[in-house]
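First up is the structure itself, then whatever we jot down about it.
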Amino acid sequence: MPTVAPLDLDGHCVAACWLAGVPHFALADGVIHRLDNGHKWVEAHDGLLAAMPDADGKRLVTGGEDGKVLSIGADGSIEQIAEIGRKWMTSVATGPRGAVAFASGKTAWVKLPDGKLKELIHPRSVEGLAFAPKGMRIAVARYNGATLHFPAVDGKPTELEWAGAHTGVTFSPDGNFLVTTMQENALHGWKLADGKHMRMAGYPSKVKSLSWSAKGRWLASSGAPAAVVWPFLTKDGPIGKAPVELGTRGDAMVTAVSFHPTDEIVAIGYADGMVLAGRVADQKEVLLRRAGNGAVTSMAWDAEGRRIAFGAETGDCGVIDVAG
Amino acid sequence: MAQTQTQIPVTVLTGYLGSGKTTLLNRILTEDHGKRYAVIVNEFGEIGIDNDLIVESDEEIYEMNNGCICCTVRGDLIRTVEGLMRRPGRFDAILVETTGLADPAPVAQTFFMDDDVRSKTKLDAVVALVDAKHLPLRLKDSKEAEDQIAFADVVVLNKTDLVTEDELRDVEAAVRAINPSAKIHKTERSGVALNEVLDRGAFDLSRALDNDPHFLDAHDHDHDHECGPDCDHDHDHGHHHHHGVSPIHDVGVTSISLRGGEMDPKKFFPWLEKTTQMDGPNILRLKGIIALKDDPDRYVVQGVHMILEGDHQRAWKDDERHESRLVFIGRELDGERLKRTFEACQA
């Protein structure tokens, strides 16, 4: 039986994650909480807007209303990566070999592994950022498409066009596909080898959470009364294929999704705070957490795939032990 | 859940550079009016106040991907409002200041078209500051000045100390010709009472038209007139002499005021939908109170371009005439056609 260790906090949880095996909860007020032999916390920003852990789970990179980009260690240590003054730092991303990207307004910055800072100015606002899994490449979601840069070298960026406002972006784990969330209720994808378009639509609301399965065979998404899981099993991805729907409920929308680190199982969080796990192969479901106070905003599995840290917009966070 | 949370009211402040926007903004931020405001500005600029609830945001207009060119939203507002609303409790209301040249429609439409923004906030009113001295020039050289007035629920006609009485009368007539239903305040140094610009409920269907006491007035002096109801609030109703045509303004934006009896809902709603679909790009604002046949309640409706919102408001009172009134403010509107087709919807 799964068990839940609750951590009731006051405020909107922007990101739940694991650093060095310790669950962390980054709240919108700028305080980072952790469960490390008891409840501990550190005040990072006056207002936190974005947070993303490193791939190796050693630090959490955060962007704040104070114009700062910080790195938070598992011991609560804070290191400043950048400060741009009184502007909101609305997106952050972590990349290979310690690279970090962050954005405010029309400008994105990349702090390269050698410590050099590269500034990338765009004609429109930078809405989302993501590093490619290999090579020093970064994608920027923007109005009417996405822009791809190689920030370590000078050169013209690659522009991927698709009408509409693109609000978030992610690379597939093999680096072959780029997928964006949109202002309208849809995802858009490009096969990077030939620029072929993939339109993934039909959502009743905006998609805010995306998660790839371990080998990149599936992409789970929120924005519907079920987790909508798109197949990326062949070289053309989901073109002409229907998604799998997991954890369909009649009364609540899926607001967060997170794939298991090794198995094709998705943790599914709902607008009422419920958390289920669904298996892609047989679409079997198991209840992990009953409904709480508000929508689940973020979930993350630990490296062993045994526990899930989760956070909600109402501050009711916690850790689910799947095996109990 | 979001539905149970109270929606935070949003005031939109428009006006040209030099119209007194910053003065008014500074007053809202410093005077004791019992409310804490989060303010979204395009540039910190001259706001001399250090307040972490002032957020700088680049105006970013997004066309919605639905084939409708007038369906635009402010992408930066969606992001900023979402960020602000993650930390509620710090402020009671939001104020959005637009740049001088901004079109107010995308700002207003953001609060109707984005589900997340809509669930947490509600548009309270669009306030336009107008420089009495420079308005004639502005109206000649830009479409935006006209749009801002046309769009406004409240017009603060500022810097009245810099013009003569005659000039002021002409300027006021110009504003009135563009927008007959806005409330006008004549001020010096943005000295309007703050309760006249804040918490107006102008987009609140149940309040908006009640705030406009003359909207339903039955005593129009010239019923055939095309240019709008006589709702100059500050004016003695016996002496209307500034209908429509303004000596300083070639009218681009006009208002069409329609009046009829009880409407057949089977005809009226399809007509309204079709009209806003067809004329949407030219319709800046519309509002109305409709008497529907066999319906004891008043039906109120408002719109911004193609976006329509309507609801039953309250029962007709015994002494009220069951009458339908609808006002369109916009460009190149065919008043004859609107009148004819509106009247054809009568029961």
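Please report, in debye to the nearest 20, how large the charge dipole of chain A is about its Cα centre when each Lys and Arg carries +1 at its beta carbon and each Asp and Glu carries -1 there.
Dipole about the Cα centre, nearest 20: 940 debye.
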Count neighbours as other Cβ atoms within 10 Å of each site's Cβ, and list the trypsin sites (Lys or Arg not before Pro) in region B:133-208 that are DSSP loop with at most 13 such neighbours.
B:R189
Residues meeting the amide H criterion for A:V207 (H placed from the backbone, H to H distance under 5 Å, 5 or more places apart or on another chain) are A:M182, A:A186
Using amide H atoms built 1.01 Å from N in the peptide plane, name the residues 5+ places from B:T121, or on other chains, whose amide H lies under 5 Å from its own.
B:I8
The ³J(HN,Hα) series, computed from each phi in region B:118-126 with the Karplus coefficients 6.51, -1.76 and 1.60 at θ = phi - 60°, rounded to the nearest Hz and given as x for glycine or proline, is 5, 6, 10, 9, 9, 5, 9, 6, 9
Please list, ordered by chain and number, the residues whose modelled amide H lies under 5 Å from the amide H of A:D29; skip anything fewer than 5 residues away on the same chain.
A:H12, A:L48
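Please report, in debye to the nearest 20, how large the charge dipole of region B:248-302 is about its Cα centre when each Lys and Arg carries +1 at its beta carbon and each Asp and Glu carries -1 there.
Once rounded to the nearest 20, the dipole reads 40 debye.
Considering every residue in B:83-91, what mean count of other chain Cβ atoms within 10 Å of its Cβ is obtained?
5
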Would you kindly derive the ³J(HN,Hα) couplings of region B:21-37 from the backbone phi angles with the Karplus curve 6.51 cos²θ - 1.76 cosθ + 1.60 (θ = phi - 60°), listing them in order in whole Hz, with x for Gly and Pro?
4, 5, 4, 5, 4, 4, 5, 5, 7, 10, 6, 8, 10, x, 10, 9, 10
Specify the inter-centroid distance of region B:92-114 and region A:150-220, based on alpha-carbon positions, in whole Å.
29
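In Å³ and rounded to a whole number, note down the convex hull volume per residue for the Cα atoms of the protein assembly as shown.
Details: hull volume 115.5 nm³, N = 671.
Looking at the protein assembly as shown, the number lands at 172 Å³ per residue.
From largest to smallest, what semi-axes in whole angstrom does region A:231-324 give when each is the square root of 5 times an eigenvalue of its alpha carbon gyration tensor?
Over the Cα atoms of region A:231-324, the ellipsoid semi-axes are 23, 16, 12 Å.
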Here are some pairs, B:K122/B:K186; A:K40/A:K134; A:K111/B:K122; B:K120/B:K293; B:K21/B:K339; A:K40/A:K206; which of them have Cα atoms lying more than 31 Å apart in this structure?
A:K40/A:K134; A:K111/B:K122; B:K120/B:K293; B:K21/B:K339; A:K40/A:K206
Just counting partner chain Cβ atoms within 10 Å, what average do the residues of peptide B:73-81 show around their Cβ?
3
Whichever lysines have a C-alpha closer than 22 Å to that of A:K106, once near sequence neighbours (fewer than 8 apart) are set aside
A:K68, A:K87, A:K116, A:K118, A:K156, A:K208
Phi to ³J(HN,Hα) by Karplus 6.51 cos²θ - 1.76 cosθ + 1.60 over region A:284-295, Hz, x for Gly, Pro
6, 10, 9, 6, 10, 8, 6, 4, x, 8, x, 4
Taking every residue of A:2-12, the Cβ atoms of other protein chains inside 10 Å of its Cβ average out to 1
Connecting every pair of Cα atoms under 10 Å apart in chain A and solving the GNM, the largest mean-square fluctuation among A:H39, A:H166, A:H122 falls on A:H39
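Tell me the mean residue ellipticity at 222 nm calculated for the protein assembly as shown from its helices only (DSSP H runs of n ≥ 4, each -39500 (n - 2.57), averaged over every residue, nearest 500).
Numbers: 10 runs with 95 residues, N = 671.
After summing the helix terms and dividing by residue count, I get -4000 deg cm²/dmol.
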Taking Cα atoms only, Rg over Rh for region B:4-156 with Rh from the Kirkwood formula is 0.96
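FYI, it's all coordinate maths here, none of it is from the lab. Fair warning: this is a prediction, and the values are worked out from it, not measured in the lab. Every residue, glycine among them, receives a Cβ derived from its backbone with ideal geometry; neighbour counts consider all protein chains shown.
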